[in-house]
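> Dropping a structure here in structure tokens format, bear with me for questions.
Every read-out reported here was derived from the displayed coordinates using simple, explicitly stated rules and does not represent laboratory data. Since the model is a prediction, treat every value here as computed from it, not as a measurement. No Cβ is skipped: glycine too gets one built from the backbone with ideal geometry, and neighbour counts run over all protein chains shown.
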Amino acid sequence: MRDEETGLRARLVDVGAELVAREGVQALTLREIARRAGVSHGAPRRHFPTHLELLSAIARRGFAELGERVAAVPGDGADPRRRIEELARAYLEFASGNPGMYELMFRHDLLESGHLGLRDTSLPLFGVLVDLVGRVRPGADARTVAGALWANLHGVAQLWRWGSLQLATGSEEFGPLLDTVLTAHLGAGDAR
């Protein structure tokens, strides 16, 4: 692929990432991304034959950023339950700070997750959680517990974004909810 073609591909993804950050998933049309990238509305099709492929490339950017945050959480010698807590906090902070991208990343109805290596980016993140859950609850089905924990965290992120949990709990901090979620799935942790 020529450099200018590679540059246009990256620019389309950059514009899409900026657009989803500012205006949300509903703004991610091929025509609007092309307009903001300064190219004809047919130009994206040279790099992304379908709208789903472009959305998947944009979502991959989000998973890469979330992956960087996960990698930044200290892990060497850390207590696995404490590490899960820190990863969960990073996840909720990512969701809160990037609501449009977060929504796109988990809208598998809008993405081609098996294409463009999207699963190769997202599944290892889940694998980190499965590994840690297995260390905290050795006798449990770690994949199932991790899935339930992730679903609960996802629900907290979504309901927090909508303001529902703040209204229901009267709290402006998701910390107590996070503690409760972790206790429900992992058991009581050590008192700090």
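> Would you please name the GluC sites (Glu not before Pro) within segment 103-186 that are DSSP coil residues with at most 13 other C-beta atoms within 10 Å of their C-beta? Write out the running numbers ahead of the final one.
On the way: sites: GLU103, GLU112, GLU172, GLU173; in loops: GLU112, GLU172, GLU173.
Those that pass, being in a loop and sparsely packed, are GLU172, GLU173.
> Another question, if that's okay. Using helices alone, I'd like the mean residue ellipticity at 222 nm for the chain: each DSSP H run of four-plus residues gives -39500 (n - 2.57), total over residue count, nearest 500.
Working: 10 runs with 138 residues, N = 192.
Helix contribution divided over all residues of the chain: -23000 deg cm²/dmol.
> Relative contact order of the chain: what whole-number percent is it, with Cα pairs under 8 angstrom and at least 6 residues apart? Before the final figure, lay out each step's value.
On the way: 168 pairs, mean separation 39.9, N = 192.
Rounded, it is 21 percent for the chain.
> Let me ask something else. Compute the long axis of helix 175-186 from its Cα atoms, compare it with the longest principal axis of the Cα atoms of the chain, and write down the angle in degrees, 0 to 90, nearest 10.
70 degrees
> Right, another one. Just subtract the alpha-carbon distance of THR180 and ALA71 from 0.36 nm times their residue separation and send over the number in nm, one decimal.
36.8 nm
> Separate question: Can you give me the C-alpha center-to-center distance between segment 9-72 and segment 145-163, rounded to a whole angstrom?
First find each Cα centre; the distance between them is then 25 Å.
> On a 0 to 90° scale, report how tilted helix 80-97 is relative to the longest principal axis of the chain, with both axes built from alpha carbons and the result rounded to the nearest 10.
40 degrees
> Further question: Which entry in [x] -0.40, -1.02, -1.15; [y] -0.60, -0.99, -1.06; [z] -0.48, -1.01, -1.09 is this structure's computed log10 I(q)/I(0) by the Debye sum over Cα atoms at q = 0.10, 0.16, 0.17 Å⁻¹?
Label [z] holds the value from this structure.
> How many nm separate the modelled label positions at THR169 and ALA78, each set 7 Å beyond the Cα in the direction of the Cβ?
2.0 nm
> Once the Cα atoms of helix 3-23 and of the chain are each reduced to a long axis, what angle between those two axes, in degrees from 0 to 90 to the nearest 10, is obtained?
50 degrees
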